[in-house]
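*Asks:* After the structure tokens below, expect a handful of questions from me.
The values are calculated or read from the model by the stated rules, or taken from the named source; none is laboratory data. Only a predicted model underlies this, so the values are computations on that prediction, with no experimental measurement involved. Neighbour counts run over all protein chains shown; Cβ positions are idealised from the backbone, glycine included.
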């Protein structure tokens, strides 16, 4: 169990490193927009890759589900 | 079922036909503006926008040539100096973008703009709606980008970073960092304290206990002195102002638990009888910070904080010099400069008309939607728009000292004097805090006589057990849920006290223009004389009005069949023209009958009246028709007003419009308290007078002229059509124009109050139950921590009920 006397300080060093990296990311502006990435991943232009609605009516994408 | 616009979801006017095929289906539009935007979107291959979006788009403002010219002025290098930085041929600027309703708008804009040749990077922040744009100046110009944004139906203004904005950004980044530190430390501390809780003395060697405690101490120190710093600072302020808030017990608990644990770690012999609370300190701080951060996020959402009064005034001016017409940045205008204001342009500064005759739309300032005549010698206010002819004005006040700027200054003052709302949570908390502090002291004194060594640990356990975690969550969680709920309905709560204020409102004041009415004239009644039939009269009137740009002309548009010829305009009076060989006059009664008293009986005019007469060859004027025009009521206005009255809330109208039209509306709605032709100062005084009678006033408005009064009222609600600066300074913003949402909000406010009370009863009840047990030293720390979390969960779930 004596190994803990080495491992725990090492883990503290890792935590310190993680905090430093996090601080750098914040300073770099990576956390300024907390919503954008969540949305932008959904807006892929994959319309061409989605199977035609006539092919498989059951699995067709809900194309007109969001009615304006 | 009336058809609505595919783009903006507004009703399509009868007879209007504009369609476009989108994704294989034919869609109809309400105006050419919407159609043009849809065409731009489709031609860019981005019709998926209509599937992606979750909110309907805003209806675009008309976009005319002079506005286009104004955008081109932004290419002026002298003007760009203020907001563009150039680095190795790459220009960079920040833009503030308006009319963004959902994430799909941002997707659309980013796609379209990044497709333009010469653009390096264009990204929009989803929260602040600010964009960073970098481009190569020799390949494309700033105006190209601004025009493209405008063509997609959005508005963009360059904006400058100032000190306050930088400060706000640093503050936000700091709070994320604080949460991160507290979160990481919580996880680490849990790892080291769990063996101590579970293992007990038998299974762990004393040197490991010492090691775990030392590590926890190291992990916890930055949490107390960095993450919890806002609480400590606020507590210090509370002590100085002798006002008890949640921050005080929170700080005492954090500091006491931390220092006691540190003391044990540093000095006491290693035994498991004395506990350390580093994990509780870190976890507690983490949850509190998280709660406050979410609260802050909700508050800032949708509200663009970089709206300045500059946006009310154009950034550039056309100045008459001996060498001809030149353009000049607005802030360089000096008193005495002769400004040229073309049709459709907004006056950049206050001035006196030197040459020309025109009409100005002063609705932004006064709420009056009919243009005002301006002739030589009249005063033109900055921020008002020229409707008709080009005129020259001599500047009497620079943009900084214009009337608009004066109103903004009045706003600051009104905000300063706004009655402060003491929140229910604060009142309860301050009593509770006092109670906890007193009982902890009593318990301490008691234990001092029984068993002096146990004093510290008992007092500490009281403070930890009564940790007002659930109590401090009681209000924010309920507020967050009701905010989310109302936002989905279209009402945005901008300030914390909005819900509280709604509950105590006794008087609600509407500004007539744009709140209760549509803000545009419509034909409400037609009387005909001398064997004229109604449809003929309307055809003639529409033929004449088709030559006019006056808002009255819009009311006749639906009846337009053919154009009249030889139309002459007598400014401020009316129109004369001929149709099918007959000459007609259309205008006020004096003009139509050439100052002859009419033989026919004419009713007392209420609203705006227009008369049509025929002019015969021998200058005889025969009255043919009388048109009554009035501003149309919004659909839900009546039910909204009735519902408020049923709740016992007095409804007032306070308007800048003329008495006639205001009374007409008030009469239709059954509102008794009416004041018309009010200046911003008078409106503010009216609200102050009500407040002196101990009334709680809520104000609903939209104009710049409403700004001071909105700020003076305890609760202010801005309409979605309001200018950005009005929205920013209001407590709540109604994003759509459905007045029924206001009723819903007031009902939700009532429910929220109930839920908050339930939450507080639970939180305080739980704490009171635990307090005597803790005072008797019967609660082990892990049980206290578990109970605290469960108690908080109950509160959170109770609050979530508000979402439905």
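*Asks:* Return the only residue of B:53, B:59 being touching a helix residue (DSSP H, G or I) at 6+ places or on another chain (Cβ under 7 Å), buried (at least 18 other Cβ atoms within 10 Å of the Cβ) and within 12 Å of chain A (Cβ to nearest Cβ).
*Replies:* That would be B:53, the only listed residue that is touching a helix residue (DSSP H, G or I) at 6+ places or on another chain (Cβ under 7 Å), buried (at least 18 other Cβ atoms within 10 Å of the Cβ) and within 12 Å of chain A (Cβ to nearest Cβ).
*Asks:* Could you check, for segment B:214-235, whether at least one of its residues is over 19 Å from residue B:285 (Cβ atoms), exposed (fewer than 15 other Cβ atoms within 10 Å of the Cβ) and more than 10 Å from chain A (Cβ to nearest Cβ)?
*Replies:* no
Conditions (1) modelled with pLDDT of 80 or more; (2) not assigned by TED's automatic domain parsing to the domain that holds residue B:523, marked per residue:
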{"residue": "B:611", "(1), (2)": "yes, no"}
{"residue": "B:618", "(1), (2)": "no, no"}
{"residue": "B:640", "(1), (2)": "yes, yes"}
{"residue": "B:653", "(1), (2)": "yes, yes"}
{"residue": "B:673", "(1), (2)": "yes, yes"}
{"residue": "B:690", "(1), (2)": "yes, yes"}
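*Asks:* Still on this structure, I have one more. Looking only at residues in segment B:126-140 that are buried (at least 18 other Cβ atoms within 10 Å of the Cβ) and away from chain A (no Cβ under 14 Å), which one is farthest from residue B:90 (Cα to Cα)?
*Replies:* The residue in question is B:133.
*Asks:* Same structure, new question: Out of B:95, B:109, B:146, I need the residue that is in contact (Cβ under 8 Å) with a residue 24 or more places away in the chain, within 14 Å of another protein chain (Cβ to nearest Cβ), within 26 Å of residue B:56 (Cβ to Cβ) and in contact with a strand residue (DSSP E or B) (Cβ under 9 Å, 6 or more places away or on another chain). Which one?
*Replies:* Residue meeting the stated conditions: B:109.
*Asks:* Name the single residue, out of those in segment B:630-663 being in contact with a helix residue (DSSP H, G or I) (Cβ under 7 Å, 6 or more places away or on another chain) and assigned to a strand (DSSP E or B), that is nearest to residue B:524 (Cα to Cα).
*Replies:* My answer is B:630.
*Asks:* When segment B:12-44 is examined, which residues are found to be within 12 Å of chain A (Cβ to nearest Cβ), out of contact with any helix residue (DSSP H, G or I) (no Cβ under 9 Å at 6 or more places or on another chain) and over 30 Å from residue B:487 (Cα atoms)?
*Replies:* Scanning segment B:12-44 gives B:24, B:25.
*Asks:* Hey, does segment B:664-680 have a residue that's more than 30 Å from residue B:527 (Cβ to Cβ) and part of a helix (DSSP H, G or I)?
*Replies:* Checked against the condition, which is being more than 30 Å from residue B:527 (Cβ to Cβ) and part of a helix (DSSP H, G or I), segment B:664-680 yields at least one hit.
*Asks:* Of all residues in segment B:1-10, which are at negative phi and either surrounded by 13 or more Cβ atoms within 10 Å (Cβ to Cβ) or within 13 Å of chain A (Cβ to nearest Cβ) (or both)?
*Replies:* Residues satisfying the conditions are B:3, B:4, B:5, B:6, B:7, B:8, B:10.
*Asks:* How many residues does segment B:688-701 contain that are under 22 Å from residue B:742 (Cα atoms) and more than 21 Å from the chain's Cα centre (by Cα)?
*Replies:* The total comes to 4.
*Asks:* Restricting attention to segment B:173-210, which residues are surrounded by 17 or more Cβ atoms within 10 Å (Cβ to Cβ), modelled with pLDDT under 85 and at the interface with chain A (Cβ under 9 Å from one of its Cβ atoms)?
*Replies:* B:192, B:208
*Asks:* Is it fair to say residue A:36 is within 9 Å of chain B (Cβ to nearest Cβ), more than 15 Å from the chain's Cα centre (by Cα) and farther than 30 Å from residue B:210 by Cβ? I'd like the intermediate steps shown before the answer.
*Replies:* Details: within 9 Å of chain B (Cβ to nearest Cβ): yes; more than 15 Å from the chain's Cα centre (by Cα): no; farther than 30 Å from residue B:210 by Cβ: yes.
No.
Each row is one residue, and each column tells you yes or no for (1) modelled with pLDDT of 75 or more; (2) buried (at least 21 other Cβ atoms within 10 Å of the Cβ).
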residue	(1), (2)
B:366	no, yes
B:375	yes, no
B:389	yes, no
B:397	yes, no
B:407	no, yes
B:415	no, no
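*Asks:* Now, a different point. Among B:434, B:454, which is the only one that is in a helix (DSSP H, G or I) and at pLDDT below 75?
*Replies:* Values: B:434 fails: at pLDDT below 75.
Exactly one of B:434, B:454 is in a helix (DSSP H, G or I) and at pLDDT below 75, namely B:454.
*Asks:* Inspect all residues belonging to segment A:15-26 and state whether any of them is farther than 16 Å from residue B:177 by Cβ, facing chain B (nearest Cβ under 8 Å), surrounded by fewer than 15 Cβ atoms within 10 Å (Cβ to Cβ) and under 26 Å from the mean Cα position of the chain (by Cα).
*Replies:* Narrowing segment A:15-26 to residues farther than 16 Å from residue B:177 by Cβ: none.
Scanning segment A:15-26 turns up no residue that is farther than 16 Å from residue B:177 by Cβ, facing chain B (nearest Cβ under 8 Å), surrounded by fewer than 15 Cβ atoms within 10 Å (Cβ to Cβ) and under 26 Å from the mean Cα position of the chain (by Cα).
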